[in-house]
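The values are calculated or read from the model by the stated rules, or taken from the named source; none is laboratory data. As the structure is a prediction and not an experimental result, all values here were calculated from the model. A quick note on method: Cβ atoms are made from the backbone with ideal geometry, for glycine too, and the neighbour counts reach across all protein chains shown. For accessibility, only protein heavy atoms count, side chains too; no ligands or nucleic acids. Shrake-Rupley method; radii C 1.70, N 1.55, O 1.52, S 1.80 Å.
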Amino acid sequence: MYLVCKLQVLRLGGCMKKAIKFIFYVFIFVIIFSCSKNGSKNTTEIVKTEEERQAEAQALLMEQSVMALNWMQQSGEYRALAYQAFNLAQMAFDSAKVTDGKKKAVIVDLDETMIDNSAEGANRVFTKKGYSKEGWSLWCSEERAKAIPGAIDFANYVIAQGGKIFYVSNRSKNEYQHTVNNLQKLGFPAVDETSVFLKDKESQKTSRFEEAEKQGCTVVLFIGDNLDDFDFTGETYHQLNNTRREVVDKNKSAFGIKYILLPNPIYGNWEGGLCNNYFKSTPEQKLKIRRDNLIKD
């Protein structure tokens, strides 16, 4: 009886060993398969996470413009500054002296100087998209820009006083007709091929400024929202902000007399002036650059 029980125990023990061995191999297989699956999954997620991270950074970049857009669209303070700029411009125009036989000319920028495109920026906040040439071209084709407060009255005043106004913008030449249509619908005067000069190949405006002289005019006033809208653009174009500030300081006595600046906290070459190759940086890098440029003391 004892031997029979012993044999049964041995047989049972053998079966247990086989069962344990089987379970062990199943366990190893599950681990290997799981690791393999998770490994391929993680590889996919790394790429996706990078894309998501940049998309989130871009959305945050756009969110950072919300207060600036609200200020431009809603505040009485922005409106007051616009009226103040054009009141100063009118006084400067009246005070300017020119050689006999010459016509007084004023060179104005368009976007965020004479016309308001803040709705385009607001739409990009909701779509979480950065600037693109395609998106901007679509906006221009819709001819929906509004007039900056005081801009139309000032332009009409210049013409009424026998002056000439030149609209010099970095909108593309491909957007010429839509731009002209938009300006004319708003009521801006003397809008034609002799007064509207858009970008052809280069963004720097110096050669287009010279068109005024070719038409027998003397430029007495520049109006813009960007330092590169003025005739010292050769000193500020594509320069970092420390250089741009130095140029402003050098010309400080001419602001309000020869140069009139409209406020634009949404965009401009000042943003590119935060560091070299700013506009080629990723959204995530731009967020860091913006924070790093803050002065804390």
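Net charge in the neighbourhood of LYS102 (other residues with Cβ under 11 Å of its Cβ; Lys, Arg +1, Asp, Glu -1) is +2. Label zone of GLU271 (point 7 Å out along Cα→Cβ, amide N under 14 Å): in the range 64-85 this covers 64-70.
Taking 31 Å as the limit for the C-alpha separation, the pairs LYS173/LYS286; LYS164/LYS199; LYS129/LYS164 exceed it in the case of LYS129/LYS164. Protein heavy-atom accessible surface, 1.4 Å probe, per residue over the range 216-297: 57 Å².
In angstrom, the C-alpha Rg and Dmax of the range 86-213 are 15.6, 54.
For the range 240-297, the spread of Cα coordinates along the three principal axes comes to 41, 24, 18 Å, biggest extent given first.
Taking each of LYS201/LYS250; LYS146/LYS205; LYS185/LYS214 in turn, the alpha-carbon distance tops 25 angstrom for LYS201/LYS250; LYS185/LYS214. Checking the cross-link filter: which aspartates and glutamates have an alpha carbon closer than 14 Å to that of LYS280, excluding same-chain neighbours under 8 positions apart? Partners found: GLU271. The trypsin sites (Lys or Arg not before Pro) of the range 174-250 meeting both criteria, a DSSP state outside H, G, I, E and B (loop) and at most 10 other C-beta atoms within 10 angstrom of the site's C-beta, are LYS201. Annotation for ASN123 and ASP100: the two label points, set 7 Å from Cα along the Cα-Cβ direction, are 5.4 nm apart.
The modelled label-to-label distance between GLU193 and GLN73, using points 7 Å beyond Cα along the C-beta direction, is 3.8 nm.
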